[in-house]
Amino acid sequence: MFFAYAVMPRYILCIKNLQLSEKRVLFLSNHLGLVDHFVIMSALRNKGTIAEKYLWVIYNVWKMTPLGIMWIIHGNYFVDGGAAKRNQMLENFKTHLKRNYWKYDHRWIVIYPEGGRLYLIKENNARYASREGYKIFRHCALPRSGAAHAAIEITTGDSWGKFVESDVFRYSITEGTNDSLEYIVDCTLGYQNADVPSIGDWLLGELPHGIPNVAVYYKASFVQCFMLMNILFGKIYRVKPEWKDENMLRHWLYDLYEEKDELLEKYYQRGVFPMDSQHHPSVIRTSMSFCLLVEAFWLLLLYFHYSIWFKSVAGLIYRCFAILFSFLGIF
């Protein structure tokens, strides 16, 4: 979220009237670029306890970064991709959920079902769709059902009860809440003219077309705010018992993503997502003082880490390389 503030400190993404903030939700989104993470984080900020209690399933490219270290502490699950590791990864994810989901009272599980950024997987995905007789999507990829099915299998119905009864997975149930996964929120991200900014351009504020508008559309609400340049469109579904069958879940996800592809086609043509007459956009801004406070916090945290351990570790690494290069006669 720090990056979003650093790029556009005057504006913030907002979701209004979303009544699921304290529920247990599986949040599914298409994946276009690295900046998607920060868009979703900004979208869910200040929406009840979502940001405090969500659990991300995310590729381990972030794991050894300062942000990744904080995500590890928070309880997110990092995916080490590859078909050969799929089964073991899913078993590890299930174990992670059993040990952490209720113990730390996570609520929203955030997953990218496509399994990667679109531009990286588009060609391989199209070949797979053609070979298996599925429709080839233009603006998204066929979703993978593994992680979503694992989340539903472990966290719905009577499944959670048998995990919290043992000493290993004991936790305190929050009074007045349903401890089984209840909803799926489908989120569609789209960028102006399908131009997805790189993380470098994002950090430098080089936004495609210079357009900082963003709209957030959910089934029950529509809010237009000023920030970044992408759109989120969402639908809300109650979890169905039959989705514990992975084949049924996979077919449902394929139908969902076919609708998503058509939705993105219309958005890229018209520049807007649909809305009805009952919901109207509102503009929300964040004060500069608050944004400066956030940035000051992160700078102080960076200085703290540098003073406590990073300076010593960096010095040790430098001395090791100096000795090695001296031994090899490079210096």
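Here is how the numbers come out for the structure above:
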| quantity | calculated |
| --- | --- |
| Where a residue in segment 199-214 is in the same structural domain as Val272 (by TED's automatic domain parsing) and modelled with pLDDT under 70 and its partner, wherever it lies, is surrounded by 13 or more Cβ atoms within 10 Å (Cβ to Cβ) and of a type outside the set (A, V, I, L, M, F, W, C), with Cβ under 6 Å and at least six apart | Ile211/Gln192; Val214/Asn230 |
| Selected residue [modelled with pLDDT of 90 or more, charged (D, E, K, R) and surrounded by 14 or more Cβ atoms within 10 Å (Cβ to Cβ)] from Glu258, Glu242 | Glu258 |
| Residue in segment 97-108 that is within 28 Å of Ala51 (Cα to Cα) and of a type in the set (Ser, Thr, Tyr) present | yes |
| Scope segment 87-118; condition under 15 Å from Leu142 (Cβ atoms) and among the charged types (D, E, K, R); matching residues | Glu114, Arg117 |
| Filter pass, Tyr134 being under 20 Å from Ser29 (Cβ atoms) and modelled with pLDDT under 95 | no |
| Residue in segment 81-98 that is surrounded by the fewest Cβ atoms within 10 Å (Cβ to Cβ), counting only those that are at pLDDT below 80 and either of a type outside the set (A, V, I, L, M, F, W, C) or not assigned by TED's automatic domain parsing to the domain that holds Gly146 (or both) | Gly82 |
| Of residues in segment 149-197 being small (Gly, Ala, Ser) and either in contact with an Asp or Glu (Cβ under 9 Å, 6 or more places away or on another chain) or modelled with pLDDT under 80 (or both), the one farthest from Asn87 (Cα to Cα) | Gly176 |
| Enumeration of residues in segment 115-146 that are touching a strand residue (DSSP E or B) at 6+ places or on another chain (Cβ under 9 Å) and buried (at least 23 other Cβ atoms within 10 Å of the Cβ) | Cys140, Pro143 |
| Tally of residues being within 19 Å of Ala150 (Cβ to Cβ) and touching a helix residue (DSSP H, G or I) at 6+ places or on another chain (Cβ under 9 Å) across segment 249-273 | 4 |
| Those strands (runs of 3 or more DSSP E) lying entirely in segment 26-122 with at least 3 residues in contact (Cβ under 8 Å) with a residue 60 or more places away in the chain and either under 30 Å from Leu264 (Cα atoms) or charged (D, E, K, R) (or both) | 108-111 |
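The values are calculated or read from the model by the stated rules, or taken from the named source; none is laboratory data. Note that the structure is predicted; figures quoted are calculated from it, not measured. Backbone-built Cβ (ideal geometry, glycine too); neighbour counts: all protein chains shown.
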